[in-house]
Amino acid sequence: MEKMKKTLIITATIALIGLSAPSFAASEADLEKVGKKIYDRAFGRGCGACHDITTNPQLSKLIKAGTLDKAKFTKIVIEGKNGMPAALKEMMKIKPVVKAGLSEEEAIDAVYKFLSK
Ligand code: HEC
């Protein structure tokens, strides 16, 4: 009987922690998954519609090479640059982003994480 009480208390605590999490309380792996969806779906056709063309910046390669840091990435995603349209508003519209309740910062983080691995 005592054991059951303990189990109940633990279960209730876990449920509470889950509910009180401010926004996206999922794992890094989940964040990466949403990041992939952003990459595949932003602007309807995805970032890859432009970035998978070899003459445009190869985001994943640049990040891994250390030449595209988070600050520069963030600035260009928000402001756009030449042929690169401002993308944050489009990113925030993606269903998995809305569903996960990501903040703008978390959405940028998610796609950056996806491109970093
Ligand atoms: C319509 C085509 C297009 C789409 C869609 C697009 N980009 Fe771009 N992006 C570009 C072009 C072209 C550049 C190069 C701009 C320049 O430097 O003149 C660029 C540059 C960038 C850069 C800067 C790279 C660097 O090292 O200077 C980042 C970061 C970036 N894009 C992220 C994204 C992300 C994230 C998405 C999807 C949410 C996206 N882009 C969607 C065309 C696009």
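Per-residue answers, yes or no, for (1) within 13 Å of Arg41 (Cα to Cα); (2) of a type in the set (Ser, Thr, Tyr); (3) modelled with pLDDT under 95:
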site	(1), (2), (3)
Ile78	no, no, no
Gly83	no, no, no
Ala87	yes, no, no
Met92	yes, no, no
Ala100	no, no, yes
Ser103	no, yes, no
Glu106	no, no, no
Ala110	no, no, no
Ser116	no, yes, no
Notebook entry, point to check: If you go through the stretch 31-40 one residue at a time, do you hit one that is surrounded by fewer than 17 Cβ atoms within 10 Å (Cβ to Cβ) and assigned to a loop (DSSP other than H, G, I, E, B)?
Noted result: no
Checklist line | Pairs, first exposed (fewer than 15 other Cβ atoms within 10 Å of the Cβ) in the stretch 87-105, second part of a loop (DSSP other than H, G, I, E, B), C-beta under 8 Å, six or more apart | finding: Gly101/Ser23; Gly101/Phe24; Ser103/Ser23; Ser103/Phe24
Checklist line | Only one of Gly35, Gly66, Gly101, Gly83 that is within 9 Å of the ligand (Cβ to nearest atom) and among the small types (Gly, Ala, Ser) | finding: Gly83
Next item on the list: Name the single residue, out of those in the stretch 45-62 being in contact with a helix residue (DSSP H, G or I) (Cβ under 9 Å, 6 or more places away or on another chain) and closer than 20 Å to Val97 by Cβ, that is nearest to the ligand (Cβ to nearest atom).
Entry: Cys47
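The values are calculated or read from the model by the stated rules, or taken from the named source; none is laboratory data. Note that this is a predicted model, so its numbers are computed, not measured. Note that we place each Cβ from the backbone using ideal geometry, even for glycine, and neighbour counts take in every protein chain shown.
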